[in-house]
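The values are calculated or read from the model by the stated rules, or taken from the named source; none is laboratory data. Note that the structure is predicted; figures quoted are calculated from it, not measured. Here Cβ is always computed from backbone atoms with ideal geometry, including for glycine, and neighbour counts include all displayed protein chains. These area figures cover heavy atoms from the full protein model, side chains too; ligands, DNA and RNA do not enter into them. Shrake-Rupley method; radii C 1.70, N 1.55, O 1.52, S 1.80 Å.
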Amino acid sequence: MTILTLDRKFVSLENYGHSLRAPSYIFKPTRIEEIAEAFQLAKKTGLTVTARGAGRSYNDAALNGGGIVLDLSSMNRVIKWDALKGQIVAEPGTTLQQIWQMVEPDGWWPPVVSGTMLTTLGGCLGANIHGKNNFRMGPIGEHVIEFTALLPNGSEVTCSPKKNADLFYAMISGLGMLGIFTSIKIQMKRIYSGLLEISARPVNNLHEHLNVLLEGAPASDYIVGWLDATTGGRGLGRGQIHAARYLHEGEDPDPQKTMSLKNQNLPSRIMGIFPKSILYIFMEPFMNNLGAWGVNTGKYISSLPRHTFRQSHAAFHFLLDYVPNVELAYGRGGLIQHQSFLPKETAEAAWTELLQLSLKRGLPSYLGVTKRHRPDKFLLSHAVDGFSLALDFKVTNSNRTKLSQMLQEFDRIVLDAGGRFYFAKNSETTPETTVRFLGPETVRKFKKLKKLCDPNGLLESDLYRRVFS
Ligand SMILES: Cc1cc2nc3c(=O)[nH]c(=O)nc-3n(C[C@H](O)[C@H](O)[C@H](O)COP(=O)(O)OP(=O)(O)OC[C@H]3O[C@@H](n4cnc5c(N)ncnc54)[C@H](O)[C@@H]3O)c2cc1C
């Protein structure tokens with residue numbers, strides 16, 4: 001057994017948006033024993049430990065300033081793939097990209113995916129991610145058959161909705177604060193084509209935007225809205241809705257071809273010439289209020305005719321991977337995201353207030369995305385019977401304080417409207433906000449489970465200290 005020591009330098013880790021930094025000791029385990037060793041070392045040295053998958057959280061969920069970070073990206077082996085049942089067992093560092101590329105040629109697709117394929121299974125369970133099908137399929141946790149985990153108290157546990165159910169529903173969504181997932185068994189969704197049928201339609205204002213999401217969802221497998229947050233007045237909340245459905249068996253004349261990786265992989269060049277890896281450099285000059293207004297207006301105008309088309313699963317789901325390192329276009333200060341979840345009854349009024357406030361302050365979001373959701377049973381759930389609005393903000397040295405104050409005002413508006421927040425995204429959530437939206441009973445239950453799994457308080461992250469202190 002290798003004995004872990006701290007005779008190594010601090011490495012500065014960042015969040016996805018490069019707006020936060022935290023120096024930490026990095027350990028890269030390849031076996032469960034090495035995770036156990038890291039816990040022992042933490043206990044001996046008084047340091048804390050945070051699990052990190054791909055580090056694609058927008059905030060401090062996978063950061064641990066001054067502590068140990070367990071980078072699980074090397075524990076990325078697929079242990080078993082059963083192409084008949086569509087069930088996969090994999091280590092926590094396995095990415096969604098590895099998974100869809102393995103299962104799709106056999107006629108399956110991950111039931112829930114994030115907007116990037118670079119996230120890991122462990123990270124997706126830690127946050128309990130949702131997709132553009134949340135209203136239909138729930139979060140990823142609803143498709144987990146079973147997982148194994150190592151707890152800081154030294155026990156190895158197996159959890160499913162029936163076995164250790166309390167821990168199952170708390171560890172999924174538990175932000176890596178109860179234990180470390182070591183293997184995950186998850187059910188895939190059967191598909192009959194590598195293509196989705198997409199219907200795209202413009203919406204002129206927030207009222208229409210939310211109505212189309214609400215009414216379009218029951219007839220769709222996926223639904224998502226792009227929202228222009230740079231325009232106010234009568235056009236406030238305008239945008240475009242994409243509703244998608246799977247093709248039924250027999251609808252695609254050549255499913256083997258459309259499900260092949262060649263047909264799915266995103267092109268690496270634009271118009272076959274320019275490498276996409278440099279595209280973000282050309283976006284940077286537009287990352288200011290005027291430039292973003294121009295881009296959003298252009299996008300709105302080009303979305304105007306209603307149309308239907310077919311698109312590969314990868315292209316539909318992973319639009320943000322189309323431009324590698326798109327986050328770098330936001331410049332040195334990086335970006336943060338604010339995502340709020342509101343009941344369908346209160347969403348329009350609250351988001352009207354919030355969008356107007358951002359315009360008034362001269363701090364509009366350059367990218368807005370809406371989705372339709374339904375509640376779920378996980379302990380630290382962010383979902384509601386309603387909608388979510390995710391807003392990306394550019395961070396600069398001069399706007400950092402103003403932005404942070406505005407996002408705290410957003411939180412107040414959302415709380416007053418009965419809304420919730422997502423721990424993998426928001427950077428401003430305070431302990432008071434957490435108690436208000438989760439309820440004191442849920443917070444008590446989570447802390448009680450934490451005491452049981454982690455009696456010495458070894459698992460902590462910057463996010464945990466911020467929202468649960
Ligand atoms: C471009 C982009 C698009 C996105 N789109 C969506 C979306 O559509 N829907 C959505 O829900 N989210 C979305 N996200 C957020 C992202 O899916 C989550 O933040 C996810 O948790 C990131 O996975 P990761 O592997 O990078 O995990 P990390 O960011 O590294 O970690 C996330 C959390 O999981 C914990 N964790 C990691 N590994 C383990 C483990 N093995 N055991 C226990 N805990 C662990 C960490 O401690 C941390 O709390 C998006 C992010 C980006 C960058």
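Under 5 Å between amide hydrogens, which residues at least 5 positions from Gly194 or on another chain qualify, with H placed 1.01 Å from N in the peptide plane?
HN-HN under 5 Å from Gly194: Thr258, Met259.
Find the accessible area per residue for the chain; the probe is 1.4 Å, ligands and nucleic acids are left out, and the unit is Å².
Heavy-atom SASA per residue in the chain reads 42 Å².
Using a ≥ b ≥ c from the Cα gyration tensor of region 300-394 (square roots of the eigenvalues), is it rounded, prolate or oblate, where a/c under 1.5 gives rounded and otherwise the larger of a/b and b/c decides, a/b for prolate?
In terms of gyration-tensor shape, rounded.
Under 17 Å between alpha carbons, and skipping anything fewer than 8 positions from Lys360 in its own chain: which lysines qualify?
Once the sequence-local lysines are set aside, what remains near Lys360 is Lys394, Lys402.
Radius of gyration and Dmax for region 1-133's Cα atoms, expressed in Å?
16.2, 49
Sort Glu91, Glu14 by heavy-atom solvent-accessible area, probe 1.4 angstrom, most to least.
If we order Glu91, Glu14 from most to least accessible, we get Glu14, Glu91.
Let a ≥ b ≥ c be the square roots of the eigenvalues of the Cα gyration tensor of region 180-245; is it rounded (a/c under 1.5), or, if not, prolate (a/b larger than b/c) or oblate?
Prolate, since a/c reaches 1.5 and a/b exceeds b/c.
What would the Debye formula give as log10 I(q)/I(0) at q = 0.08, 0.10, 0.12 Å⁻¹ for the alpha-carbon point model of the chain, no solvent?
Those come out to -0.46, -0.73, -1.09, one per q.
Can you sort Ser381, Ser12 by solvent-accessible area, 1.4 Å probe, largest first?
Final ranking, largest accessible area leading: Ser12, Ser381.
So, taking all protein chains as they sit and a 1.4 Å probe, how much accessible area belongs to His248, in Å² rounded to tens?
Here the accessible area works out near 120 Å².
Based on DSSP H runs of at least 4 residues, each adding -39500 (n - 2.57), what is the mean residue ellipticity at 222 nm of the chain after dividing by all its residues, to the nearest 500 deg cm²/dmol?
-8500 deg cm²/dmol
Can you tell me the length gained on complete extension of the stretch Val435 to Lys360, counting 0.36 nm per residue apart and subtracting the Cα distance?
Result: 24.0 nm gained on full extension.
Of all DSSP beta bridges in the chain, what percent run antiparallel (nearest 5)?
Among the beta bridges of the chain, antiparallel pairing accounts for roughly 90 percent.
Give the shape of region 227-373 as rounded, prolate or oblate, defined through the alpha-carbon gyration tensor: a ≥ b ≥ c are the square roots of its eigenvalues, a/c under 1.5 means rounded, and otherwise the shape is prolate if a/b is larger than b/c and oblate if not.
oblate
Pairs Lys132/Lys299; Lys377/Lys445; Lys44/Lys185; Lys262/Lys371; Lys28/Lys448: which exceed 23 Å Cα-Cα?
Lys44/Lys185; Lys262/Lys371; Lys28/Lys448
Rolling a 1.4 angstrom probe over the protein chains, ignoring ligands and nucleic acids, what is the accessible area of Glu348 in square angstrom, nearest 10?
Near enough 70 Å² of accessible area.
Of all the C-alpha pairs in region 402-469, what % are more than 16 Å from each other?
Value for region 402-469 (Cα pairs over 16 Å): 51 percent.
Any aspartates and glutamates with Cα under 16 Å of the Lys162 Cα? List them, leaving off those in the same chain fewer than 8 positions away.
Within the straight-line limit of under 16 Å, Lys162 reaches these aspartates and glutamates: Glu142, Glu146.
If you roll a 1.4 Å probe over region 278-363 with all protein chains in place, what percent of the accessible area is carbon or sulfur?
Exposed carbon and sulfur together represent 64 percent of the surface.
Can you list the aspartates and glutamates whose alpha carbon is less than 14 Å from that of Lys85, not counting same-chain residues fewer than 8 positions off?
Glu104, Asp106
Go through Pro343, Leu359, Ser312 and say which Cα lies farthest out towards the positive end of the charge dipole of region 298-359; charges sit on Cβ, +1 for Lys and Arg, -1 for Asp and Glu.
Among Pro343, Leu359, Ser312, the one farthest towards the positive end of the dipole of region 298-359 is Ser312.
Under a point-charge model restricted to the Cβ atoms of Lys and Arg (+1) and Asp and Glu (-1), what is the dipole moment magnitude of region 61-127 relative to its Cα centre, in debye to the nearest 20?
80 debye
Each residue of region 283-290 in turn: what ³J(HN,Hα) in whole Hz from Karplus with 6.51, -1.76, 1.60 and θ = phi - 60°, glycine and Pro shown as x?
Per-residue couplings from phi come out as 7, 3, x, 8, 8, 8, 4, 5 Hz.
Can you pull out the trypsin sites (Lys or Arg not before Pro) in region 236-334 that DSSP calls coil and that have at most 14 other Cβ atoms within 10 Å?
Arg306, Arg332
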